[in-house]
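Encoded as structure tokens, the structure appears first; notes follow it.
The values are calculated or read from the model by the stated rules, or taken from the named source; none is laboratory data. Computed from a predicted model, the values in this text were never measured in an experiment. Cβ placement follows ideal geometry from the backbone for every residue including glycine, while neighbour counts extend to all protein chains displayed. Ligands, DNA and RNA are stripped out before the accessible areas are found, and what is left, the full protein with its side chains, is counted by its heavy atoms. Shrake-Rupley method; radii C 1.70, N 1.55, O 1.52, S 1.80 Å.
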Amino acid sequence: MSTDYVSQWKDIMETSLTRQSFLEILDGKIPYILESQFLHRDVAKKLEDVLAPQLIPYLHATGPTLLKVGVAQFEFQALSEADVQNRPDNAKERYFIEVQKNKHLHDHITTISGQNVWQTVVDKLRSLFPEWDVVVADEGPGKEYFSGIFRSINDSTPIHCDWSPYDSRTEDWVINQVTKQAVFNLYLAPFAGGRTEIHDVQWTPDALKFRDTESYGYSSAIVEGRETATIEPKVGDLCLFNTRNMHQVFPVEKEEDPNMEGLINGKRARLTLSSFIGLLPQREGEKPRLILWS
Ligand SMILES: O=C(O)CCC(=O)C(=O)O
Ligand SMILES: [Fe+2]
């Protein structure tokens with residue numbers, strides 16, 4: 001570790017979700033928040049039973065397969081240098097059409113699970129910041145973003161970050177205006193392995209020296225000598241972290257019983273409910289605004 005490196009984190013320890021800890025996540029002062037057993041395992045099981053069979057691959061991705069129910073704005077991003085060169089001019093229109101197709105997803109799932117779990121998480125955030133607007137991102141009528149994707153990352157991600165001002169630079173998206181970006185992941189299944197590592201390195205233009213031009217990943221050299229925090233998610237856990245930090249998901253391991261119902265390539269789906277959370281610059285006379293999108 002080079003002697004001039006000073007961690008941005010005050011310490012690496014499990015922190016519960018409070019107003020204070022959420023502000024510290026936005027400011028990059030702590031690595032992650034963990035609310036264990038935020039969701040009852042019986043509700044998680046109902047969601048797993050209905051959603052795992054419906055998982056489909058992302059419409060567009062580079063690197064290991066990503067599965068989903070719902071919409072990720074990521075699917076409409078330029079993920080590689082080739083994507084940047086061949087960018088269609090209707091990417092945003094296609095995104096908003098896909099959102100329309102999925103706008104009743106949570107209502108529909110709630111009729112089966114009995115609890116709108118996306119709403120439960122958002123209500124919790126709203127209760128912490130009653131004087132803020134906590135809303136789904138939008139760009140006007142008919143142009144609401146989708147928040148609350150059900151996602152399964154079974155085969156790992158490269159080291160990456162999610163920083164919309166850079167990742168979505170190809171067009172003018174409202175999410176490019178965020179000054180801070182975090183994510184919540186609510187883990188909905190008891191899978192084996194599949195830990196998440198968060199590294200004490202945030203995206204700056206310098207990070208581009210380490211960018212893999214063929215994917216959304218960065219080379220491991222970017223995190224060398226930096227502190228790393230590890231999350232080993234359990235079913236029902238709610239985790240939040242600052243996605244401007246480099247992070248990665250490790251592969252889920254195969255189940256010991258290969259005949260277990262619902263396995264994908266021998267693995268239990270690493271099912272999460274996930275959404276980004278961004279802070280917009282405060283406008284004169286308006287409340288601070290947290291926007292949500294997946
Ligand atoms: O599923 C996780 O633990 C983290 C996945 C991820 O890369 C993200 O939420 O940005
Ligand atoms: Fe990520």
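Using per-residue counts of other Cβ atoms within 10 Å, averaged over each peptide, order 204-217, 138-151 from highest down.
Numbers: 204-217: 14.2, 138-151: 18.4.
So the peptides 204-217, 138-151, ranked by packing, come out 138-151, 204-217.
Listed values for region 228-235 are Karplus-derived 3J(HN,Hα) couplings in whole Hz (6.51 cos²θ - 1.76 cosθ + 1.60, θ = phi - 60°), namely 10, 10, 10, 10, 10, x, 10, 4, and x replaces Gly and Pro.
Applied to region 268-281, the Karplus parametrisation 6.51 cos²θ - 1.76 cosθ + 1.60 on θ = phi - 60° returns per-residue 3J(HN,Hα) values of 6, 4, 7, 7, 10, 9, 9, 8, 6, 9, x, 9, 8, x Hz, with x for Gly and Pro. Multiplying the residue separation of D107 and Q85 by 0.36 nm and removing their Cα-Cα distance gives an extension gain of 4.1 nm. In region 16-144, Cα pairs under 8 Å separated by at least six residues give a relative contact order of 20 percent.
Taking region 33-74 and a reference point 7 angstrom along Cα→Cβ of E14, the backbone N atoms nearer than 17 Å belong to 33-41. Report note on the peptides 22-35, 279-292: ranked by the mean count of other C-beta atoms within 10 Å, highest first, their order is 22-35, 279-292.
Distance from the C-alpha centroid of region 16-62 to that of region 145-212: 13 Å, rounded to the whole angstrom. For the chain, the pair-distance distribution built from all alpha carbon pairs, in bins 5 Å wide starting at 0, is 1, 5, 12, 17, 19, 19, 14, 9, 4, 1, 0, 0 percent. Each of V6 and R41 was given a label point 7 Å from its Cα along the Cα-to-Cβ line. The distance between the two points is 4.5 nm.
Between amide H atoms placed 1.01 Å from N, distances below 5 Å from E227 occur with D200, all of them 5 or more places distant or on a separate chain.
Contact order, relative form, for the chain: 27 percent (alpha carbon pairs under 8 Å, 6 or more residues apart, mean separation divided by residue count).
Nonpolar atom fraction for region 19-293, defined as the carbon and sulfur part of the 1.4 Å probe accessible area, stands at 48 percent.
By a straight-distance test (C-alpha under 28 Å), which lysines pair with K180 as possible cross-link partners, with residues fewer than eight away in the same chain excluded? Of all the lysines, those that pass the test against K180 - Cα under 28 Å, at least 8 places apart if same chain - are K10, K29, K68, K92, K103, K124, K143, K209, K234, K287. Model label sites at T228 and E171, defined 7 Å from Cα along the beta-carbon direction, differ in position by 3.6 nm.
The local environment of K267, defined by Cβ-Cβ distances under 11 Å, has a net charge of 0 under the rule Lys, Arg +1 and Asp, Glu -1.
Heavy-atom accessible surface of the chain, averaged per residue, reaches 46 Å², computed with a 1.4 Å probe.
Helical runs (DSSP H, four residues minimum) scored at -39500 (n - 2.57) apiece and divided by the length of the chain put the mean residue ellipticity at 222 nm at -5500 deg cm²/dmol. For the peptides 267-273, 55-61, the ranking by mean Cβ contacts within 10 Å, running from highest to lowest, is 267-273, 55-61. Over region 26-117, the hull volume per residue, using the convex hull of the C-alpha atoms, is 160 Å³.
What the Cβ-Cβ distance of S219 and L23 gives, at R0 = 45 Å and to the nearest 0.05, is a FRET efficiency of 0.90.
Computed over neighbours whose Cβ is under 14 Å from that of R289, the net charge equals -2, Lys and Arg +1, Asp and Glu -1.
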